[in-house]
Structure formats: C-alpha cells, structure tokens
Amino acid sequence: MESTNYGSRIKDLEKRVRTLQKKLERSEVDRRQLEDASEQREAILKNVIRELEQSKFALERRGQELETALDNLKALQLKLIESEKMSALGVMVAGIAHEINNPVSFIYGNLTHANTYLQDLLQLVRLYQHYYPEPPPVIQQTIETIDLEFLQQDAQELFQSMNIGAERIAEIVKSLRNFSRLDEADLKIVNIHEGIDNTLVILNNRLKSTAQFPHGIKVIRDYGQLPSVECYPGKLNQVFMNILSNAIDALEEEKIKAIQTEKEDFVYLPCINICTELLNNYWAVIRIADNGAGINDDVRAKIFDPFFTTKEVGRGTGLGLSISYQIVVNQHRGKLECYSTPGEGSEFVIQIPVRQNNTRSVDSE
C-alpha cells in the first residue's frame with residue numbers, strides 16, 4: 001500500500017517537474033523575445049537619435065548658410081548704397097562744377113582786359129587834366145560829383161578784389177572736380193593731402209564762423225612727408241568726408257551744449273586736427289581728431305556696424321562709418337580704428353599701404 005502511494009507521488013513529482021520545465025522553457029522563450037524586442041527598441045532609438053543629430057547638424061549648417069547669405073546681402077546692400085550715393089554725389093558735384101566753370105572762366109578771362117581798358121581811360125583822363133587844368137564848370141561839377149580822385153584810387157583795388165574772388169571760385173571748382181573724381185574709379189597714385197584739402201573745401205560752409213558759432217571750427221593741418229599713395233581716390237575722399245562730417249557734427253553738438261550749460265564768459269573753441277605721417281616706409285597714416293564730447297566704450301564698439309547711429313532720426317543713416325570701414329579695410333587692405341575718451345574728444349586713424357601690392361603688416365614692422 002505504501003509502495004503504491006510512493007509510486008504515485010513520484011509520478012506527481014515527475015509531472016510537476018515536466019510542467020515546471022515547460023514553464024521554464026516558455027519563460028526562457030519570453031525572456032529571449034523580450035531581449036530581442038529590447039534590442040530592436042534600442043536599435044530604433046539609436047537610429048532616431050542619429051537621425052535627430054543629423055537633422056540638428058543639417059539645421060545648424062542651414063542656419064549658417066542663411067546667416068552667411070544675410071551678411072552677403074547686407075554687404076551687397078551697402079555696396080549698392082555706396083555706389084549710388086557716390087555716383088549721385090559725383091554727378092551732382094561735376095555738374096555744378098561745370099555750370100560754375102563756364103561763367104567764371106568768362107569773367108576771369110575778361111577781368112584783365114577790363115582792367116586794361118579802365119587804366120587806358122584813366123590815363124586819358126589824366127592827360128586831359130594835364131593839358132586842360134581848368135575844365136568848364138559843367139565838367140568840374142561832374143568831377144566833384146563822381147569823386148574822380150577816389151575813383152582812380154579805388155578802381156585798382158576793386159579789380160584786384162574781383163580777380164581774387166574769381167581765382168577763389170576757380171579753386172573751388174577745381175576742388176569739386178577733384179573730389180568727385182568720376183574718371184578715377186580704378187587704382188591711381190595720388191597726393192593724399194590734395195584729397196583732404198578738397199574735402200575741406202566742400203565742407204568749408206560748415207567750418208566757417210556763424211552768428212551761433214562766431215569762432216567757427218578751427219582746422220589744424222599737420223601734414224607729414226607722405227609720398228604719393230596708390231588708392232581709389234574718390235572712395236578715399238568719401239572716407240574723409242564721412243569722418244570729417246561726423247567730427248563737425250560732434251563739435252556742433254558740444255558747442256550747443258556749452259552755450260546752454262556754461263557761463264556766459266565761457267569760450268569753447270571747437271577744433272579738428274588732421275595729422276599725416278609715413279609709417280615704416282610702407283604705410284600712410286591719417287589721423288583726424290576733434291575736441292568734442294568723445295564716445296563711450298559701448299558706443300565705440302558699434303560705430304562701424306551697419307545702420308548703427310546715435311543721431312536723431314533724419315540726421316544719420318548709420319552707414320557712413322560702416323562704408324568707410326569697408327573702403328579702408330576691404331578695398332584698400334588697410335586699417336580704420338577709433339580712439340576716444342568721454343569728455344576729451346575722438347580720433348580716427350586711417351592706415352593704408354602706400355602701394356597695394358605691399359603685403360607687409362603694419363604690426364610686423
């Protein structure tokens with residue numbers, strides 16, 4: 001009886017063992033399926049991460065391309081504005097110079113003849129006075145009415161004044177032509193000092209004394225021994241124009257501030273100092289300094305950025321110094337820097353190679 005029960009237990013145990021084995025096998029299969037599924041999910045996740053990284057790199061590359069395209073578009077816009085501005089200015093200046101030159105040439109050319117004719121007539125009058133010292137009363141009355149003696153003395157001074165005026169107009173016309181330089185779009189070897197002087201002639205109306213600024217703006221030229229420089233003359237004149245115009249603006253603002261805030265006996269004397277020198281025999285250096293209010297560091301860091309301006313709306317476009325920077329640095333392979341201390345004025349330093357095939361660095365000398 002006991003042996004029968006013992007055998008039955010063994011069979012039950014064997015049955016349970018088989019059942020457990022089957023469950024273990026199913027568990028092993030499930031485990032392997034889970035592992036396979038996990039590996040698949042991990043592989044899918046890796047693929048997704050890789051695709052996301054690729055998309056990120058592609059977006060970054062596209063962003064850089066768009067940023068580069070935007071920078072190129074801004075640069076092209078600046079060049080177009082610069083080209084149109086200088087073209088319009090050059091055409092206008094050349095047209096004005098031409099229109100003024102014709103009548104001035106006519107006047108200037110005839111002043112000598114008119115003076116000669118007048119001297120001949122005055123000599124004839126003197127001869128009449130010598131041979132007919134007692135003229136009839138009607139002639140004597142006319143002599144006294146026109147003050148003949150004063151007329152004879154003043155006539156020469158009058159013609160000298162007219163001659164000086166005509167010469168001055170002729171110089172202005174020449175400066176206008178030289179400033180526009182429409183026929184010099186290519187590299188030319190020129191006298192830098194003439195370009196500065198011509199620019200100052202254009203700006204003379206803003207430099208001279210007025211009722212508001214009785215002392216005007218003093219310009220000190222401290223020219224060094226510069227050789228002729230290879231450059232784009234018209235574009236370099238534009239740089240001088242932009243920097244000098246900004247200096248005049250700063251001095252006018254400082255003058256108005258001084259009038260409004262200082263005592264009546266305070267005298268503010270605005271001044272622009274232009275200094276040139278030859279550096280290391282390879283670089284022409286032009287320094288333009290003013291004694292205005294100066295520029296703080298935050299503003300100075302942005303003055304060459306396109307469209308940045310501290311002027312009121314309508315007074316500045318924010319392109320002048322940006323265009324000047326491109327002309328000096330990109331087109332002349334030079335340097336344009338600004339040094340300024342608030343309350344002590346500003347100085348712009350232009351450095352360009354004397355010859356454009358010169359590859360020496362100004363810092364390596």
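Just subtract the alpha-carbon distance of residue 53 and residue 206 from 0.36 nm times their residue separation and send over the number in nm, one decimal. Mind showing how you got there, number by number?
Working: separation 153, 0.36 × 153 = 55.08 nm, distance 6.07 nm.
That pair, residue 53 and residue 206, stretches by 49.0 nm at full extension.
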Exercise for the section: Treat each spin label as a single point 7 Å out from the Cα along the C-beta direction, and report the residue 252 to residue 96 distance in nm. Expected result: 1.5
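Between their Cα atoms, which of 218/302; 218/255; 255/302; 74/302; 235/302 are more than 18 Å away from each other? List each step's numbers first, then the result.
Values: 218/302 28 Å; 218/255 13 Å; 255/302 25 Å; 74/302 16 Å; 235/302 22 Å.
From the list (218/302; 218/255; 255/302; 74/302; 235/302), the Cα-Cα distance tops 18 Å for 218/302; 255/302; 235/302.
If you roll a 1.4 Å probe over the heavy atoms of the protein chains, what accessible area per residue do you get for region 1-79, in Å²?
Working: 7550 Å² over 79 residues.
In whole numbers, region 1-79 has 96 Å² accessible per residue.
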Practice task
With all protein chains present, calculate the accessible area of residue 62 using a 1.4 Å probe and round the result to the nearest 10 Å².
Solution key: 130
Fill in the blank from the handout: Cross-link reach from residue 257 to aspartates and glutamates, straight Cα distance under 18 Å and at least 8 residues apart if same chain, gives 249, 265, 290, 312, 344
Exercise for the section: Beta carbons within 10 angstrom, averaged per residue: use that to sort the peptides 282-289, 21-28, 343-350, highest first. Expected result: 282-289, 343-350, 21-28
Practice task
Based on the mean of other Cβ atoms within 10 Å per residue, sort peptides 43-50, 198-205 so the most packed one is first.
Solution key: 198-205, 43-50
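The values are calculated or read from the model by the stated rules, or taken from the named source; none is laboratory data. Since this is a predicted model, take the numbers as computed values, not measurements. Positions of Cβ are backbone-derived with ideal geometry, glycine not excepted, and every protein chain shown enters the neighbour counts. Remember, those area values only see protein heavy atoms, side chains included, never the ligands or the DNA or RNA. Shrake-Rupley method; radii C 1.70, N 1.55, O 1.52, S 1.80 Å.
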